[in-house]
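The values are calculated or read from the model by the stated rules, or taken from the named source; none is laboratory data. Everything numeric here is computed off the predicted structure, so don't read it as measured data. Cβ atoms come from the backbone with ideal geometry, glycine included; neighbour counts cover every protein chain shown.
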Amino acid sequence: MDYTTHYNLSKPTTGSHPGADVLNTNWDTIDTQIYSASSTAITIASPLSSSAEGYTVKTGTNLEIVGDTIAVIGSPSFTALTISGTFTAEQKANINSLFAGAGAAVETSDTLYVSGNTTLNGNLTVIGDIQLQSKNHGNFFSTASQTIVSTTATQSVTYTTTADLTGLIWTPASSSKIYSTLTGDYLINVSAICDTDTPAKHIHIWAAVDGTNIPNSNTIIMLPNASTEAILAVSFILDINSGSYFELKMYGDDTGNRLVATSGSLYGIPWCPSIITTMHKID
């Protein structure tokens, strides 16, 4: 006896008389396949393209497509559509565009990654928890005093440690440079403890990006007395590109000028760093 290719149904030969058990087995197989096709979700494991085997989805049923490439053939009509996977914002927009007008409520499961600027038109309904990723930020300190090396040259302010660092890059090997990983506006706050061994001397501190001085960013403090500490404090808002680095530059008119750090071990009092810089992406 011969059998069909796909479902192995019995094919009686000419003149044969198949028994009831053969016919019943054939009908049971047909019944099972028809029921499965009409009442369960269709899963397409590979990308759907114009050369793929055709699928008909009835109104009232669900279509589930698993894969990262989706193409719609014809004019499908769904009441619900679930697409499983991990999607960027661009992929999500493409999915919505593909199925626009199909009568389906498009839902993505698993994780949706959004990078860059995103515009939402209409209402957003969140069922469950929503978590927003923090913007780039960090604190940068130096627990070492930093003395003016030369009165005929400028120098970079350095750091020895960081805290609460998110999305910014600093390494001891490039101890003066704070690298951005996202383009945008950054609020930068600076506080330095200054002193000198000679009265009436000055310390200058200003901002630089990628080694280029920022115009009009210099702050000058005069130290009127020797061994008397003074605070130099300044804030900046700077547009910094991804991959660029921020630095503080310094100049003094005496090699006895310095940014001074003080140990805070007595009674558990914290260190007083020579320089504290905070950097926070605000846009």
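Which members of segment 170-183 meet the condition of being out of contact with any Leu (no Cβ under 8 Å at 6 or more places or on another chain) and surrounded by 16 or more Cβ atoms within 10 Å (Cβ to Cβ)? W170, S175, K177, L182 - these are the residues of segment 170-183 that are out of contact with any Leu (no Cβ under 8 Å at 6 or more places or on another chain) and surrounded by 16 or more Cβ atoms within 10 Å (Cβ to Cβ). Taking segment 250-271 as the range and being closer than 19 Å to A226 by Cβ and within 37 Å of the chain's Cα centre (by Cα) as the test, the residues that pass are L259, A261.
Please work out if P199 is modelled with pLDDT under 95 and either in the same structural domain as V149 (by TED's automatic domain parsing) or within 28 Å of K135 (Cβ to Cβ) (or both). Steps first, please.
On the way: modelled with pLDDT under 95: no; either in the same structural domain as V149 (by TED's automatic domain parsing) or within 28 Å of K135 (Cβ to Cβ) (or both): yes.
Judged against the criteria, P199 is not a match.
Do we have L232 as crowded, with 16+ Cβ neighbours inside 10 Å, in a strand (DSSP E or B), touching a Phe, Trp or Tyr at 6+ places or on another chain (Cβ under 7 Å) and not basic (K, R) here? No, not satisfied. Evaluate segment 194-212: report whether one residue or more is loosely packed, with under 14 Cβ neighbours inside 10 Å and either among the aliphatic types (A, V, I, L, M) or part of a strand (DSSP E or B) (or both). Yes; the residues of segment 194-212 include at least one that is loosely packed, with under 14 Cβ neighbours inside 10 Å and either among the aliphatic types (A, V, I, L, M) or part of a strand (DSSP E or B) (or both).
Residue-wise test of (1) polar (S, T, N, Q); (2) surrounded by fewer than 17 Cβ atoms within 10 Å (Cβ to Cβ).
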site: P215; (1), (2): no, yes
site: M222; (1), (2): no, yes
site: N241; (1), (2): yes, yes
site: Y251; (1), (2): no, no
site: T255; (1), (2): yes, yes
site: V260; (1), (2): no, no
site: S265; (1), (2): yes, yes
site: H280; (1), (2): no, no
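Being outside any strand (DSSP E or B), in contact (Cβ under 8 Å) with a residue 60 or more places away in the chain and of a type in the set (F, W, Y) narrows it down to one residue among Y159, Y186, Y179; which is it? First the steps, then the outcome.
Values: Y186 fails: outside any strand (DSSP E or B); Y179 fails: outside any strand (DSSP E or B).
The unique qualifying residue is Y159.
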